[in-house]
Amino acid sequence: MATAAPVETAAMRRAIELAARGLGRTSPNPVVGCVVLDSEGRTAGEGWHERAGGPHAEVHALRAAGERARGGTALVTLEPCNHTGRTGPCARALIEAGVARVVYAVADPNPTATGGALALAEAGIDVEGGLLADEAAAGNEAWLTSVLRGRPFVLWKYAATLDGRIAAADGTSRWISSPESRADVHRLRAAADAVIVGSGTARADDPQLGVRIAGLSDDEISQPLRVVVDSGATAVKAGARVLDGTAPTLIAVAEDADAAHLEGLAPIVRLPRAAEGRGLHIPALLQALHARDVRSVLLEGGPTLAGAFLAAGAVDKVVGYLAPVLLGAGPAAVGDAGITTIAQALRLDVTDTARLGPDLRITATPIRHSRPEEN
Ligand SMILES: NC(=O)c1ccc[n+]([C@@H]2O[C@H](COP(=O)([O-])OP(=O)(O)OC[C@H]3O[C@@H](n4cnc5c(N)ncnc54)[C@H](OP(=O)(O)O)[C@@H]3O)[C@@H](O)[C@H]2O)c1
């Protein structure tokens, strides 16, 4: 976008930072940030969408700006909405506040919310879209992916040795990665709506799957839904740590599973079995979560379930924590993903690398190729 002033670019960058504060709390809505500049280009108000059902970012920022919004500019990470959902349309709030100009980063792809830019322009407001669009879209990747694919965004994370193993030959795996990497995983969990493990991991590790972040109280942390994919309903039993009161839990079982013992312990969802191979139908699992307003999922493994997600084309991003450790034997980071020859290899684009203590964190996204998404 050619016409944005440097002060507007800086304000949009700030709005993107503000938007990120809502991660893990706003689904089924996007994260959105807004900065209102007064007519002199000084920051008059800031806001972000803090939780689903609460006021939108623009409303928070306009409230903070008060009369100073009149004749000013609103910088918003997503095109202002034009529909009345649980809150009124933001386009109307901006018009009523008397702003002269609205700059947004990403156009709203949601058919029920779209049209905000047009409504603003029709009211005589100077409207521009596209400022820092890539950065803002990256901050909203989970929600944008969920709108595009009609299922939650899936981030698969694993921790492996340098020789790619996620456990030793005897099944022990605590701890492969460093405390720094494990703290980083808690940050990923806090930003997700749901965390998923397979029955093998539930059985081997009895994971609790809650979020703990040093320096933050329970009230300041958003806990994702904990999901165990346990087709036969045999892995999760009374006393399992995943059933403690920290966060809600959902056990996904097969339609024909005997799950009577789970009654009163945790809600279950019954799903069809996979047409081929073991376990549950992954697209049906994702549809069931989507129907529960889950828009982002952190898939924590293990390797068998991760392989099934990859085979279904249902991994949008991979975060691997590689520890400078060698095991020589033990399960690999990912099991059978339906790939039998090098021509079928799933290739990834590395989007980030970082050192976390002694470990290397690699973030990558699959290059969408000829393999269609299963449904
Ligand atoms: N280092 C790491 O990052 C990490 C992370 C997680 C786990 N681990 C390790 O991984 C090991 C467990 O691995 P795992 O592969 O046995 O566990 P897993 O992937 O957690 O669970 C596999 C099980 O999930 C169930 N499942 C449900 N739907 C499925 C589907 N569509 N496809 C495939 N499986 C489906 C199957 O059992 P049912 O059909 O009976 O339900 C399957 O046996 C443990 O040693 C654990 O410590 C390491």
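The values are calculated or read from the model by the stated rules, or taken from the named source; none is laboratory data. Everything numeric here is computed off the predicted structure, so don't read it as measured data. Here Cβ is always computed from backbone atoms with ideal geometry, including for glycine, and neighbour counts include all displayed protein chains.
Numbers at a glance
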quantity: Pairs, first assigned by TED's automatic domain parsing to the domain that holds Q208 and outside any loop (DSSP other than H, G, I, E, B) in the stretch 232-243, second aliphatic (A, V, I, L, M) and more than 12 Å from the ligand (Cβ to nearest atom), C-beta under 6 Å, six or more apart; calculated: L243/L265; L243/A266
quantity: Filtered residues of the stretch 154-177 (kept if buried (at least 23 other Cβ atoms within 10 Å of the Cβ) and more than 21 Å from D205 (Cα to Cα)); calculated: V154
quantity: The one condition in (1) away from the ligand (no atom under 11 Å from the Cβ); (2) over 25 Å from A275 (Cβ atoms); (3) not small (G, A, S) that T341 fails to fulfil; calculated: (2)
quantity: Boolean, T172 is within 13 Å of the ligand (Cβ to nearest atom), more than 21 Å from V76 (Cα to Cα), without any contact (Cβ under 8 Å) to a residue 12 or more places away in the chain and not aromatic (F, W, Y); calculated: yes
quantity: Test: residue in the stretch 307-322 that is over 18 Å from F153 (Cα atoms) and not β-branched (V, I, T); calculated: yes
quantity: Strands (runs of 3 or more DSSP E) wholly inside the stretch 270-375 that include at least 3 residues being under 16 Å from the mean Cα position of the chain (by Cα); calculated: 296-299, 317-323, 359-366
quantity: Residues (of a type in the set (A, V, I, L, M), over 12 Å from V229 (Cβ atoms) and in contact with a Leu (Cβ under 9 Å, 6 or more places away or on another chain)) located in the stretch 243-261; calculated: L243, A247
quantity: Residues of the stretch 245-258 that turn out to be crowded, with 19+ Cβ neighbours inside 10 Å, in a loop (DSSP other than H, G, I, E, B) and more than 10 Å from the ligand (Cβ to nearest atom), as a count; calculated: 1
quantity: Options G338, G301, G357, G277: the member that is in contact (Cβ under 8 Å) with a residue 60 or more places away in the chain, surrounded by fewer than 21 Cβ atoms within 10 Å (Cβ to Cβ) and among the small types (G, A, S); calculated: G357
quantity: Unmet criterion (only one of (1) modelled with pLDDT under 95; (2) closer than 30 Å to R13 by Cα) for A137; calculated: (1)
quantity: Cβ-Cβ under 6 Å pairs, at least 6 apart or on other chains, the stretch 204-220 side assigned by TED's automatic domain parsing to the domain that holds E180 and in contact (Cβ under 8 Å) with a residue 12 or more places away in the chain, far side of a type in the set (G, A, S) and more than 16 Å from the ligand (Cβ to nearest atom); calculated: G210/A247; V211/A190
quantity: Residue match in the stretch 329-338 (condition: more than 8 Å from the ligand (Cβ to nearest atom), at pLDDT below 95 and on the phi > 0 side of the Ramachandran plot); calculated: yes
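One line per residue, one yes/no per condition, for (1) of a type in the set (A, V, I, L, M); (2) modelled with pLDDT under 95; (3) farther than 20 Å from D193 by Cα:
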{"site": "A2", "(1), (2), (3)": "yes, yes, yes"}
{"site": "A20", "(1), (2), (3)": "yes, no, no"}
{"site": "A44", "(1), (2), (3)": "yes, no, yes"}
{"site": "H49", "(1), (2), (3)": "no, no, no"}
{"site": "A74", "(1), (2), (3)": "yes, no, yes"}
{"site": "T77", "(1), (2), (3)": "no, no, yes"}
{"site": "R101", "(1), (2), (3)": "no, no, yes"}
